[in-house]
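First the structure, in the form of structure tokens, and then the observations on it.
What follows draws every value from the coordinates through simple rules; no lab data is involved. Fair warning: this is a prediction, and the values are worked out from it, not measured in the lab. No Cβ is skipped: glycine too gets one built from the backbone with ideal geometry, and neighbour counts run over all protein chains shown.
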């Protein structure tokens, strides 16, 4: 967690936003600063006719397949549409577009980069859907800060978050995307998370029913600004978090936590692809209480950099785990340590069907991350590195080209008065397949 926060709720911060009870005129843009890049084109929205039923993801892992119920509020009548235009990509105006206490959907009539100014951009009110899929190419990237979900019933889709170690960074405490302790029923789907100084994408302590699907989690900064020293970690799932679904993701080019399931955790880790890692899926804590419980099914581990088992536990009796169809490429064992292997899955979402592990690498590389059909330069580079069997850990984003400055392309959106869920899901398909 970053030490300075931009709270998207009813409290004051350094970002200049108004009180959380105030709403924004969804058809009027407010400008408090000049864009840092130039608008290049004005496009026409593709014809998106919502089907009668919301379509599934292009991925075989749908974000609604986990334990979280995906935005149950979006089918109601009292939903606000917040339009982000080109002039809203400075931090104060972007904050005002997201802030609010009513159920709200944020859609994007522009592409571009939002500089978070070294802060944690904190979603502090329930019932928010940030629909990055609605942006024109090349989509939306958040830099210089954390996207933190401190609310319930939220959906984050098709957004890239790249904090980095810029001069305004908070040393040692910046994730890319983080579901805060104690919150529930959130979905993070088809996002790209990299260049963190703590974990790249994590779920906090004592959460419930949270889902992370189809994300590209890669290149956490290793020997950077963390006070504990090298810290190139991908994903931590906190103590006593229940019903966490981690499925269809790519974790790449890290040292540890792919993922790390802490004590008392109840998680499903299914059909993830892990490339170039030092420590894989690690469970439990040395004290062994309370016991971690997990279903680990159909994952592929490739290019281990140590001789440690890909799936392991430590402590006297820290983890109960069901293992099925996991593949390790690289000469190390699949599982080890103080694991108590179960004959049946201790938990599993009703709607999730696991793929064969042999199909996972090609499937996930085609489907993971923000906008798989419209990938940014850095996502293309990371995916191609994995495809080519390459891998390395970085200490700064400057080693791989530095912060992105995306083109600001614009287009108006026609948001339907009804069937909003299907419209959002159809827009997602446009950038997934």
How high is the FRET efficiency between residue 356 and residue 168 when r is their beta carbon distance and R₀ equals 35 Å, given to the nearest 0.05?
-> 0.20
FRET efficiency for residue 102 and residue 306, Cβ-Cβ distance as r, R0 = 35 Å, nearest 0.05?
-> 0.10
Residue 43 and residue 405 label points (each 7 Å along its Cα→Cβ direction) are spaced in nm at 2.1
Among 167, 338, 319, determine the one that fluctuates most according to a GNM of the chain built with springs between C-alpha atoms less than 10 Å apart.
-> 167
Mind telling me which of 124, 288, 369 comes out most flexible in a GNM of the chain, alpha-carbon contacts under 10 Å?
-> 288
Starting from the Cα gyration tensor of the chain, take the square roots of the eigenvalues, sort them a ≥ b ≥ c, and report rounded, prolate or oblate (rounded when a/c is under 1.5, otherwise prolate if a/b is larger than b/c, else oblate).
-> prolate
Can you tell which of 129, 251, 423 shows the greatest fluctuation in a Gaussian network model of the chain with Cα springs below 10 Å?
-> 423
By how many nm would the segment from residue 316 to residue 80 grow when fully extended, if each residue of separation counts as 0.36 nm and the alpha-carbon distance is taken off?
-> 79.8 nm
Is the shape of region 250-407 best called rounded, prolate or oblate, per the rule: a/c under 1.5 gives rounded, else a/b larger than b/c gives prolate, else oblate, with a ≥ b ≥ c the square roots of the Cα gyration tensor eigenvalues?
-> prolate
Can you give the calculated 222 nm mean residue ellipticity of the chain, where each DSSP H run of n ≥ 4 adds -39,500 (n - 2.57) and the sum is split over every residue, rounded to the nearest 500 deg cm²/dmol?
-> -2500 deg cm²/dmol
Within 10 Å of each residue's Cβ, count the other Cβ atoms and sort 107, 187, 400 from fewest upward.
-> 400, 107, 187
Can you put 322, 301, 277 in order, fewest other beta carbons within 10 Å first?
-> 322, 301, 277
Can you put 260, 411, 381 in order, fewest other beta carbons within 10 Å first?
-> 381, 411, 260
Taking square-rooted eigenvalues a ≥ b ≥ c of the alpha carbon gyration tensor, is region 344-418 rounded, prolate or oblate, where a/c under 1.5 means rounded and, failing that, a/b exceeding b/c means prolate?
-> oblate
